[in-house]
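First up is the structure itself, then whatever we jot down about it.
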Amino acid sequence: MKQGKRPNRRQIRELEALACNLNPANWLVERDTTTEFVLIHRFSGNTKTIKKGA
């Protein structure tokens, strides 16, 4: 599994809007493509994939 990075300002706004009000302080961004976000929880290590767009 890749290591996650802290989300930047744009990603934080998208996390709050797209992803059912996830707390950006608890999530790291593993991959950010044009179609999806792949997030890793800081403490539990769970992975969450969020589709962008429609």
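The values are calculated or read from the model by the stated rules, or taken from the named source; none is laboratory data. Bear in mind the structure is a predicted one, so any value in this text is a computation, not a measurement. Glycine also receives a Cβ, built like all others from the backbone with ideal geometry; neighbour counts cover every protein chain displayed. When the accessible area is computed, the model is the full protein with side chains, heavy atoms only, and any ligands, DNA or RNA have been set aside. Shrake-Rupley method; radii C 1.70, N 1.55, O 1.52, S 1.80 Å.
Side notes on the structure shown:
- Residue check, Lys52 open to solvent by 100 Å² or more (accessible area, probe 1.4 Å) and either in contact with a Phe, Trp or Tyr (Cβ under 6 Å, 6 or more places away or on another chain) or basic (Lys, Arg) (or both): no
- Check on Thr49, assigned to a strand (DSSP E or B), of a type in the set (S, T, N, Q) and touching a residue at least 12 places away in the same chain (Cβ under 8 Å): yes
- Within the range 25-43, not a single residue is open to solvent by 100 Å² or more (accessible area, probe 1.4 Å), touching a residue at least 24 places away in the same chain (Cβ under 8 Å) and assigned to a strand (DSSP E or B).
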